[in-house]
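Just so it is clear, none of the values below were taken in a lab; they were calculated from the coordinates. Everything quoted here is computed from the prediction, not taken from an experiment. Cβ sites come from the backbone with ideal geometry, for glycine too, and all protein chains shown count toward neighbours.
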């Protein structure tokens, strides 16, 4: 904050704003002062069930720092990924047209290594193995105990995103 005030006295106009923003960015990186956006977990939830998506978004959004967007199909999710950067994807397995594993496979083939969590009611062993072999970071079963599932999902998101952020430093 102090650096911004001093620089404003010496510069003005668009150039000054650019210089000030860049200097603040560099200082934040050097001093490791986290941005608000770096403290948030930007989550993309993909499921063809709008009721489940609504509940999932509400539950995750209650967690401090979670910013959640939803997509009702893989096509909608890909459109959002073209426009925004997300920290993690939570996707249902069984969806019409393109399922969650096909979505995961297309992301990995394109070089996108975003953390990917498969969240589904299907617990067949071959689906679990296939999802992990395709590069899923976690497979969580939807169940009757929504609270336990939500706690596991939140902990997984925090762990995977924080590991990715540390690796990128």
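Key figures
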read-out	value
Tensor-based shape of the stretch 36-168 (alpha-carbon gyration tensor, a/c under 1.5 rounded, otherwise prolate or oblate)	rounded
Over the stretch 37-97, equivalent-ellipsoid semi-axes from the Cα gyration tensor in Å	19, 15, 7
Peptides ranked, highest mean first, by Cβ atoms within 10 Å: ranges 131-137, 86-92	86-92, 131-137
Computed lengthening from residue 58 to residue 76, 0.36 nm per intervening residue step minus Cα-Cα distance	4.5 nm
Protection proxy ranking of 52-61, 98-107 - average other beta-carbon atoms within 10 Å, highest first	98-107, 52-61
Packing-based ranking, highest mean first, of 41-48, 65-72 given that Cβ atoms within 10 Å are counted	41-48, 65-72
